[in-house]
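Student: Once you've had a glance at the structure underneath, I'll fire off some questions.
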Amino acid sequence: MASLNVGNLGEYLREQRRQAQLSLRQLADAAGVSNPYLSQIERGLRKPSADILQQLAKALRISAETLYVQAGILDERDRDEVETRAVILADPSINERQKQVLLQIYESFRKENALDAPGAPDAPGAPGAPADEMPPKTTH
């Protein structure tokens with residue numbers, strides 16, 4: 001069987017499993033996948049779905065987003081956003097309403113910064129930006 005292009009996912013999983021001091025069978029049982037299937041993932045012969053990666057991450061007690069990045073499902077920049085959201089949602093010192101408000105503020109800042117980025121489609125002065133958002137013209 002030819003090896004699929006799954007990056008270093010298999011090697012990464014194997015290393016995480018070893019660090020957790022789990023056998024292949026123990027991890028397979030904990031994640032709810034078959035032993036042969038997990039072995040094929042570790043050897044790069046199978047590309048697991050996002051659901052399987054989530055089960056493996058939970059069994060390994062690591063971030064699913066980290067596995068998504070390793071598998072090429074999630075971009076590294078996207079991982080930062082997802083992890084930030086996860087940290088906010090997991091914080092036991094704030095209540096659910098506060099978490100939702102904080103997430104809304106976080107998202108508004110991300111959108112604002114994306115719009116202000118040079119070359120952003122809706123940035124003032126960018127090609128295609130509405131005329132009322134164009135910076136004022138200076139005359140000499």
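Student: Want the number for residue 30 to residue 80: 0.36 nm per residue separation, take away the alpha-carbon distance, what's left?
Tutor: Gain on extension, residue 30 to residue 80, equals 15.3 nm.
Student: In what sequence, highest mean first, do 37-50, 14-27, 84-97 appear when ranked by Cβ atoms within 10 angstrom?
Tutor: In descending order of packing, they fall as 37-50, 14-27, 84-97.
Student: Estimate the FRET efficiency between residue 99 and residue 62 by the formula 1/(1 + (r/R0)^6), using the beta-carbon distance for r and 25 Å for R0, to the nearest 0.05.
Tutor: 0.65
Throughout, read-outs are computed from the coordinates displayed, never taken from laboratory work. Because the structure is a prediction, the values reported are computed rather than measured. Glycine also receives a Cβ, built like all others from the backbone with ideal geometry; neighbour counts cover every protein chain displayed.
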